[in-house]
């Protein structure tokens, strides 16, 4: 009886110390930083990436005060760096691969008649190629986990049904991301990997500087998306979810 009790205690102790892991790209500011804060508060092991971690003051302060958080340097347009990071964490299960890093391209560069195609390339590299390469490189880590989730932060502006005549570059990048992840969801379903797209809505971050109208609080936006991510199952893989949990039109 004593032996059974001892084994039970050891099992409970090991279960309590094994936390789920989330890897968050663009974790140094805005919604990404909120993801880091809130997942760490939930007890997750958080791997937070930043393009320039030496300048990520708030993120570094969080990591210093919370041993669950590790900060890694990563530019999602650098595919060799993505492969190196995946190699560094070889054998580490990643329950949620959260592709949050993204750029808008600015409004002046994407007006019909004066589109800046160098900016177009950069936005596509960050918003589409980045999440795709991350998914490829970290697929073994995700498959080794309990949750098995690959998520990308998208936008309702990537919905073709909600088209209006501005932001050609940003909108087309998110539409491309949506298609890529919807395709991935179909392919990985048989492997029990859950793929999802979440939309924060218009949120009060540097991303939305100059935008008029009511903006959402980043903490609330992150919390809403985390609830939606938590609710995703293999039956709902491939979903494109609004912050309120409703399906967005493609």
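Structure notes:
- Rounded to 10°, Cα long-axis angle of helix 79-88 versus longest principal axis of the chain: 10
- Contour excess over end-to-end distance, with Cα ends at residue 162 and residue 186 and 0.36 nm allotted per residue: 6.2 nm
- Across the chain, C-alpha contacts under 8 Å between residues 6 or more apart give a mean separation that, scaled by the residue count, equals a relative contact order of 17 percent.
- Ordering of 116-125, 39-48 by burial proxy (mean other Cβ atoms within 10 Å per residue, highest first): 39-48, 116-125
- Tensor-based shape of segment 113-156 (alpha-carbon gyration tensor, a/c under 1.5 rounded, otherwise prolate or oblate): oblate
- Axis of helix 168-188 versus longest Cα principal axis of the chain: the two differ by about 40°, to the nearest ten degrees.
- Mean ellipticity per residue at 222 nm, deg cm²/dmol - from DSSP H runs of n ≥ 4 across the chain, formula -39500 (n - 2.57): -13000 deg cm²/dmol
- Degrees between helix 130-143 axis and first principal axis of the chain (Cα, 0 to 90, nearest 10): 20
- Separation of segment 135-200 and segment 72-107, taken as the distance between their Cα centroids, equals 15 angstrom.
- Among 176-186, 218-228, 28-38, the order from most to least packed when residues are scored by Cβ within 10 Å on average: 28-38, 218-228, 176-186
Rule-based calculations on the coordinates, nothing more; no lab input. Not measured: the values here are computed from a predicted model. Note: ideal-geometry Cβ built from the backbone for every residue, glycine included; neighbour counts use all protein chains shown.
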